[in-house]
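Working notes for the structure below.
Nothing in this text is a laboratory measurement; each read-out follows from the coordinates by a stated rule. These numbers were taken from a predicted model, which means no experiment stands behind them. Neighbour counts run over all protein chains shown; Cβ positions are idealised from the backbone, glycine included.
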Amino acid sequence: MSEQTGSSPDTSSGVPIVEVYLSAFCPYCHFAKRLLKEQGLDFSTISVDFHSDRRAEMEQRSERETVPQIFIGQTHVGGYDDLSALVSSGKLPALLENERSRPHIQPNVQPDVHE
C-alpha cells in the first residue's frame, strides 16, 4: 500500500493502475487518498495545481472539471463520493478484478514528482 508520485505504477503484477487527479488544496482529494490507502491500494497522483495541461487531460478523460477524479484501470470511477459509494456497496473488488483481466493502456500523463 503506497502512493506513487515519481514513477508510473507497475502493471506487470496484474494490479490495475489507480490514478487520482487532485489538487493540494482540496479536502475531498485528501479523503480519496486516505480511502484508497485504507483499501490497501497503490495509486499514483497527478496534481492539476498550476498545470493547465494536466487539468485539460483530466477534463478530457473524465468529462468533469472538479477534483478529485479517480481512474481504476480504464474505468473512470468519478470523485470521492463515487469512490466512497463503490467501497460502501462492496463493488470495488469486482471492479478491481474486472480491470485486472483487461489489457492496460496508459494515458499520456506523467505522475507527479512532487506534490
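Assorted remarks:
- The peptide list 78-91, 42-55, put in order of mean Cβ contacts within 10 Å with the highest first, becomes 42-55, 78-91.
- Note on the range 15-100: with charges restricted to the Cβ of Lys and Arg (+1) and Asp and Glu (-1), its dipole about the Cα centre is near 200 debye.
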